[in-house]
């Protein structure tokens, strides 16, 4: 087999549809059915609540779940991943769509469907191009702050349903909260008791076992209470009869100018979908295999495209639902297909059964979701270990809450990128010394016995060399040389952490090499282990500048080979002083 065909073989193996069914046997059927029934019990109230959070009728959440589950089962790779309506992205696109049309209107639903298809195309493209690394652009502190801000958004948005108060008209989240607090004397105690009771029930059930469908149990009890005690006559608002059936697949009716205005929002939502899909895929890897993030991007993207064709809204991977499938012993995406079939039956024939579900009960379900994504333990851990990154959490959270939510998300992404850039620019050249009695060279540290070697300067740079830190590298090496009592005869760059060298950095490295030589020193590099960095040396002509025999597998090998030659060519003290 040729090298090219060998490279193509993994790609061919990754393309079959229904990939999660590979290796499936009839013995797995029972576990998948159990996982699917449990997943449906968890998903039904959650999908209804999330649809309302997005500003749409509850049955639209069913359509989104069916589309996401079906498409991911066909195109995705993960055996456990559950795709459907998700409370993380719902507030983001709901806020963006509110600028185009009234919430819940036909125009808004058409825009949501178009947005879902645009998100799907972007996520699929990133999967096909193997851009799984894009999901890593958000750091843990920024992600924590982002989720905390989303949790606050969810909580504030559900207060009108929980308290049975009129929703505030417009304004920022803080202004809406103030308006709601001013209306507290008019709250409906029955609705409030239902919502808090649902929240308490779900919390207790989860504490006992995450497999217990606490949300479904609480929703059923709340509905029975409304019917048994005639609470509708006491002002408790309910869903009312829901339309049954599924829409026919069709392209959303939306103008080109509206499509253009959706592009920034689609990019933000796609970024969040990829981030959460990658995190969920990696958290629940298939037994004995590596997760395939890129293939799961294709599955999640296909779910969004189908959701848009069915007239629903963007969907996302769900960590809690995925955990349910894994914990109940699911073996493949057949579990998600069973759950989708159950939801399909409910959407087709059970609209009337949901007529008496109180809005406050769905608010209680979403308050449970909000407290779950508010990662208080991560807050505490980051606070203890790094105050600077704790500030990232707070700034991101405040931006999400106080700014338009899509702007806040963009701020969070920008902060994460800036933090990464800042970390790259903090790298400084360090002087390495030899550990006493060993051939190992290491930066001096408390408790570590090291010794310098006369006439030898070993410099380490513990970051990729790029335009971000090229000048820092150049000035830092010069400072180390100038800080020595006598000019060194040999300078060795310990390059084990230099995994990349870009054009700007290559010019800086060239100047350093030539500058050291003009000072009478021999320059060498050691432990340049990165293939990309070695290719950059050749591409930018630095191999010729460095010269043959000046690239070594270890610092000690460089010192052993060149220290004698360096001493022979070193300038005499008077000459060195003149230079």
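Values quoted throughout were computed directly from the atomic coordinates according to the rules given, and no laboratory measurement underlies them. This structure is a prediction, so every number in the text was calculated from the model and none was measured. Using ideal geometry, Cβ is built from the backbone for each residue, glycine included, and neighbour counts are taken over all protein chains shown.
Details
- Nearest-ten-degree value, helix 503-518 long axis tilted from longest Cα axis of the chain: 20
- The range 297-352 shape via C-alpha gyration tensor axes, a/c threshold 1.5: oblate
- When only alpha carbons are used to place a centre, the range 170-232 and the range 411-475 end up 55 Å from one another.
- Between helix 470-482 and the chain: long-axis angle, C-alpha atoms, 0 to 90°, nearest 10: 40
- Coarse-grained scattering of the range 261-307 at q = 0.13, 0.31 Å⁻¹, given as base-10 log I(q)/I(0) from a Debye sum over alpha-carbon atoms: -0.34, -1.14
- Amide N of the range 256-277 lying under 19 Å from the label point, which is placed 7 angstrom from the Cα of residue 407 along Cα→Cβ: 261-269
- Take every Cα pair under 8 Å whose residues are at least 6 apart in sequence, average their separation, divide by the length of the range 222-353, and the relative contact order is 35 percent.
- Label-point gap, in nm, between residue 376 and residue 125 - each point 7 angstrom along Cα→Cβ: 4.2
- Normalised contact order of the chain, rounded percent, pairs of Cα under 8 Å and 6 or more residues apart: 21
- Neighbour counts of other Cβ atoms within 10 Å put 179, 396, 504 in the fewest-to-most order 504, 179, 396.
- Every helix of 4 or more DSSP H residues in the chain counts as -39500 (n - 2.57), and over all residues that averages to -20000 deg cm²/dmol at 222 nm.
- Cα-based helix-to-principal-axis angle, 29-53 vs the chain, degrees rounded to 10: 80
- Volume of the Cα convex hull of the chain, divided per residue and given in Å³: 208
- Convex hull volume of the range 430-578 per residue (C-alpha atoms, cubic angstrom): 108
- Relative contact order of the range 405-547, defined on C-alpha pairs under 8 angstrom at six or more residues apart (%): 21
- Most simply put, the chain has about 45% antiparallel DSSP beta bridges, counting only bridges with both residues inside it.
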